[in-house]
Amino acid sequence: MAEQNKVILYGTWTRPYVKRVELALKVKGIPYEYVEEDLRNKSPMLLKLNPIHKKVPVLVHNGKAITESLVIIEYIDETWKTGPRLLPQDPYKRSQIRFWASYIQQVFEALVMVLKTIGEAQEKAIKEVSEKVKLLEAGLKGLFPDGIPSVDEYSKNVTLLDLVILANLGGYEAQEEVLGVKIIDSEKTPLIVSCITALIDLPAVKESRMPHEKVVAFLKFFRENALNSAAA
Amino acid sequence: MNPVHKKIPVLIHNGKPVCESLIIVQYIDEVWKDKAPLLPSDPYQRAQARFWADFIDKKLYDAGRKIWTTKGEEQEAAKKEYIEILKVLEELGDKPYFMGERLGFLDIALITFYSWFHAYETLGSFSIEAECPKLISWAKRCMQKESVSKSLADPKKLCEFLVEMKKRLGVE
């Protein structure tokens with residue numbers, strides 16, 4: 001009986017894929033226990049729960065483990081019918097949201113490349129991510145032909161795609177500070193920025209928002225490490 | 001129709017495009033939900049099906065590609081990796097199909113790779129059936145369905161295609 005309905009999330013605070021799941025749980029008002037994992041020293045429990053990929057996030061519900069952030073979020077949406085529906089009913093809209101949520105993975109990986117490189121390699125990475133971000137912006141235009149909803153509307157209608165945008169791209173200002181380069185900004189990517197700005201104001205999101213300085217410090221550390229191992 | 005990835009497959013329904021194969025399969029399942037549901041109804045089972053389909057997507061294509069684009073030690077490693085992935089999938093259950101008594105989402109995600117086995121076996125000089133007999137029984141079971149056997153590519157033609165590609169890419 002103790003296992004019934006108990007929700008545990010195994011994660012690492014720096015990982016956007018974990019953040020996506022946290023946001024989904026918070027937005028739906030699902031109580032959960034959080035276990036922070038040190039990825040340099042993975043716990044036996046994590047390895048037992050996710051033997052295939054050995055990664056976070058892992059959601060455990062009723063004693064059963066679910067992995068892969070987008071799979072987890074769909075599971076959450078199908079299991080807890082309270083709160084906003086993270087995927088709409090219409091199959092076409094669902095396919096659009098799944099497509100763009102999956103595309104953001106590529107955008108994010110391209111952003112990480114910018115963090116990990118310098119000089120010519122970085123210029124190349126910046127070019128690549130800028131093209132991807134442009135496509136994403138165009139995609140959002142198709143999904144939100146009347147512009148981004150207000151915070152109030154969002155609180156009832158936030159979707160899986162919004163959570164992914166926030167988790168993976170929400171740190172754009174910190175990234176700008178660390179890199180001195182604007183990739184996502186209100187001029188080049190107004191919809192992405194409006195989306196993030198509106199979402200940040202949601203109560204469920206506000207309470208778990210990482211302070212800007214902490215994100216900046218982490219990104220600096222991440223970049224230094226990456227450049228050092230590349231140089232080694 | 002697919003300005004983002006510029007790839008196939010693209011499904012066009014009612015004039016609107018849907019891209020990315022697993023997204024398309026789910027779309028088909030949701031639109032024609034009264035005919036032979038592909039995903040189970042239980043959320044945890046669905047999560048399992050999606051997880052394993054994602055695993056197949058992430059691992060199998062690239063591992064297979066390495067078999068015909070490499071040689072010597074690299075190819076041996078590629079063959080080993082490919083078999084390991086198939087063995088993981090083989091362990092997924094003892095039912096006739098991956099999620100039960102009926103062909104479903106995960107079977108669809110994997111069965112299309114079956115057409116390539118003959119080509120890989122020929123080009124890699126190994127037998128997948130010898131290593132993964134359970135998987136091959138499952139594949140043959142799927143092939144008994146006309147909807148599958150008539151849809152899949154001819155393994156011999158795929159093998160010829162890869163031989164041609166090898167020449168073109170200069171991999172000998």
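Here, each number is a calculation from the coordinates, and none is a lab measurement. Computed from a predicted structure; not experimentally measured. Because the Cβ atoms are built from the backbone with ideal geometry, glycine has one as well, and the counts that use them run over all protein chains shown.
For the stretch B:39-161, with only Lys/Arg (+1) and Asp/Glu (-1) charged at the beta-carbon, what is the dipole magnitude about the Cα centre, in debye rounded to 20?
320 debye
Using a 10 Å cut-off on Cβ to Cβ distances, tally the other chain neighbours for every residue of A:87-95 and report the average as a whole number.
Rounded to a whole number, the mean comes out at 5.
Which angle from 0 to 90°, rounded to the nearest 10, does the C-alpha axis of helix B:155-169 make with the longest principal axis of chain B?
In chain B, helix B:155-169 runs at an angle near 60 degrees to the longest axis.
Given an 8 Å cut-off on Cα distances and at least 6 residues of separation, report the relative contact order of chain B as a percent.
19 percent
Before anything else, pin down the relative contact order of the stretch B:89-172: Cα pairs under 8 Å, at least 6 apart, normalised by residue count, whole percent.
Relative CO of the stretch B:89-172 lands at 32 percent.
Read phi for every residue in the stretch A:188-205 and hand back ³J(HN,Hα) as whole Hz from Karplus 6.51 cos²θ - 1.76 cosθ + 1.60, θ = phi - 60°, with x for Gly and Pro.
Residue by residue, the stretch A:188-205 yields 6, 9, x, 5, 4, 5, 4, 4, 4, 4, 5, 5, 4, 7, 5, x, 4, 7 Hz.
Kindly flag which residue pairs out of A:K81/B:K33; A:K132/B:K80; B:K80/B:K156; A:K48/B:K87; A:K132/B:K150; B:K6/B:K134 have an alpha-carbon separation exceeding 30 Å in this structure.
A:K132/B:K80; A:K132/B:K150; B:K6/B:K134
When a/c is below 1.5 the answer is rounded, else prolate if a/b is larger than b/c, else oblate, so apply that to chain B with a ≥ b ≥ c taken from the square roots of the Cα gyration tensor eigenvalues.
Judged from the Cα gyration tensor, chain B comes out oblate (a/c at least 1.5, b/c at or above a/b).
With a ≥ b ≥ c taken as the square roots of the eigenvalues of the C-alpha gyration tensor of the protein assembly as shown, please select rounded if a/c is under 1.5 and otherwise prolate if a/b is larger than b/c or oblate if it is not?
Since a/c reaches 1.5 and a/b is larger than b/c, the shape of the protein assembly as shown is classed as prolate.
Normalised by the residues of the stretch A:1-130, what does the relative contact order come to in percent, with Cα pairs under 8 Å and at least six apart?
Answer for the stretch A:1-130 is 23 percent.
Pull out a ≥ b ≥ c, the square roots of the eigenvalues of the alpha-carbon gyration tensor of chain A, then state rounded if a/c is under 1.5, prolate if not and a/b is larger than b/c, and oblate in the remaining case.
The shape class here is oblate.
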